[in-house]
Amino acid sequence: MAETRVVSYAPTEDQDLIRSTARRFLQQRVPLERVRELMMSDDGFDRVLWKEIADLGWTGLVVPEEHGGAGLGPVEMSVLLEEMGRMLTPGPFFASVVMATNAIATIATPEQRAELLPALAAGEKVATMAVFETPRGWDPAAPSTTAKPHSRGWALTGEKRFVLAGHSADYLLVTATTPDGLGVFVVDAGADGVEIAQTNVLDPTRRQATLSLKGVVVDNGSRLGDGDATDGVRRTLALATAALASEQVGGAQRCMELSVEFAKTRHQFGRPIGSYQAIKHRCANMLMKVESARSAAYHAARVTDDAAEFRVAAPLAGSICSEAYVWVAGETIQVHGGIGFTWEHDAHLYLKRAKSSSLLLGSPHYQRDLLGQAIGI
């Protein structure tokens, strides 16, 4: 009889400390008033705030201790991201700390990890991944961007879309088709032939850019790992999907809190609107959606070391949490009525983050396709 695996969702003392510290810091340093200021700025990025985040050890949370990090894991990162999602924290954290750092840890050689990770862990450098192209969708395999052998290494040509924090990154981890499979190349954002242009986005708290590469030459050591990196890129995107699910849970939780608070204080016809059955049902359904999403996200974060289980858990969390966040954010606007649609109210900021996040690493439909493949249907 097969052994049953028991996964505990109970937080440890360290995880509780991360949560309380993160909530206190973000409420003090990145309230939504500050978020609004940053999202209206040219870069949407505060380097002073980034330095403070690095000093807290967050940029090196999952980096091994030998490379200057805290050596913690996906569960601790999920706790932190839940709090960041709750406050709509702007900046390159997800791009650099979640995606790029995981890519290097997953794909790079030990020598490359020793060279690249310390600066990322210290917050001295910002990196991002350039994976997606149109009209190829979210599948990272066989991109139209190419890397051809060159006398000085490799020459990269192509265009990448939806590059998170591309305008503020020091390093770009670019996927490209090579003669021996998929390659991931570390490209300096200031290199000759690199053009980066910010794009208009629904959610201005999470900037994106289009990256054009016109014969950009990089040396042989800039290619991460040895040989085809398809499995490593897919693993990186799965880890990012699980991490994003935790961030979505934090946002959905805050939307529910805003709705309940408003329902208690907003009066119509001489009584709080929360006393009416229609509003009660909306808030109860929000709770069910949030708790269902939380369970899926927590499970995905806790089974990353089990390849077969994680292949199922990551897209499951991606699908459930994306749809839950969009639904709860939409219901939040309904509970608030006309004021929820206005620029002055915070509800629309959450709806924009929810919708953009649901498409960031693959739509719920795409995630269910991955889930179907994982379970053999």
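The values are calculated or read from the model by the stated rules, or taken from the named source; none is laboratory data. Note that the coordinates shown come from a computational prediction; the quantities given were computed from them, not determined experimentally. All Cβ positions, glycine included, derive from the backbone under ideal geometry; neighbour counts span all protein chains shown.
Tabulated data for the structure shown
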{"read-out": "Looking only at the stretch 301-356, and only at residues there that are without any contact (Cβ under 8 Å) to a residue 40 or more places away in the chain and outside any helix (DSSP H, G or I), the one that is nearest to Thr106 (Cα to Cα)", "value": "Asp305"}
{"read-out": "Subset of the stretch 33-53 [of a type in the set (A, V, I, L, M, F, W, C), crowded, with 16+ Cβ neighbours inside 10 Å and part of a helix (DSSP H, G or I)]", "value": "Val35, Leu38, Met39, Leu49, Trp50, Ile53"}
{"read-out": "Subset of the stretch 240-273 (residues that are farther than 30 Å from Leu81 by Cβ and not charged (D, E, K, R))", "value": "His267, Gln268, Phe269, Gly270, Pro272, Ile273"}
{"read-out": "Selection count where residues are modelled with pLDDT under 95 and basic (Lys, Arg), scope the stretch 24-69", "value": "1"}
{"read-out": "Some residue of the stretch 240-258 being in contact with a strand residue (DSSP E or B) (Cβ under 9 Å, 6 or more places away or on another chain) and in contact (Cβ under 8 Å) with a residue 60 or more places away in the chain", "value": "yes"}
{"read-out": "Filtered residues of the stretch 146-180 (kept if on the phi > 0 side of the Ramachandran plot and of a type outside the set (A, V, I, L, M))", "value": "Gly153, Gly158, Phe162"}
{"read-out": "Checking Val290 against (1) at pLDDT below 95; (2) surrounded by 18 or more Cβ atoms within 10 Å (Cβ to Cβ), the condition it does not meet", "value": "(1)"}
{"read-out": "Where a residue in the stretch 117-135 is more than 14 Å from Ile107 (Cβ to Cβ) and its partner, wherever it lies, is surrounded by fewer than 24 Cβ atoms within 10 Å (Cβ to Cβ) and of a type in the set (Asp, Glu), with Cβ under 7 Å and at least six apart", "value": "Lys125/Asp170; Val126/Asp170; Glu133/Glu159"}
{"read-out": "Given (1) under 18 Å from Arg86 (Cβ atoms); (2) more than 19 Å from the chain's Cα centre (by Cα), index of the condition Ala284 fails", "value": "(1)"}
{"read-out": "Residue within the stretch 50-65 that is basic (Lys, Arg) and without any contact (Cβ under 8 Å) to a residue 60 or more places away in the chain present", "value": "no"}
{"read-out": "Residue list for the stretch 100-121, restricted to those being crowded, with 18+ Cβ neighbours inside 10 Å and over 15 Å from the mean Cα position of the chain (by Cα)", "value": "Ile104, Ala105, Thr106, Ile107, Ala108, Arg113, Leu116, Leu117, Leu120, Ala121"}
{"read-out": "Residue check, Arg353 at pLDDT 95 or above and either touching a strand residue (DSSP E or B) at 6+ places or on another chain (Cβ under 8 Å) or more than 22 Å from Arg207 (Cα to Cα) (or both)", "value": "no"}
{"read-out": "Per-region count, the stretch 126-167, residues crowded, with 21+ Cβ neighbours inside 10 Å and of a type in the set (Lys, Arg)", "value": "1"}
{"read-out": "Count - residues of the stretch 319-368 that are farther than 21 Å from His281 by Cα and among the acidic types (Asp, Glu)", "value": "2"}
{"read-out": "Residue count, the stretch 55-76 (criterion: within 21 Å of Ala10 (Cβ to Cβ) and either of a type in the set (Lys, Arg) or in a helix (DSSP H, G or I) (or both))", "value": "3"}
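Let's see how each residue does on (1) touching a Gly at 6+ places or on another chain (Cβ under 7 Å); (2) closer than 19 Å to Asp43 by Cα; (3) not in a helix (DSSP H, G or I):
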| site | (1), (2), (3) |
| --- | --- |
| Val79 | no, no, no |
| Gly85 | yes, no, no |
| Pro90 | yes, yes, yes |
| Phe94 | no, yes, no |
| Met99 | no, no, no |
| Asn102 | no, no, no |
| Glu111 | no, no, no |
| Leu116 | no, no, no |
| Glu124 | no, yes, yes |
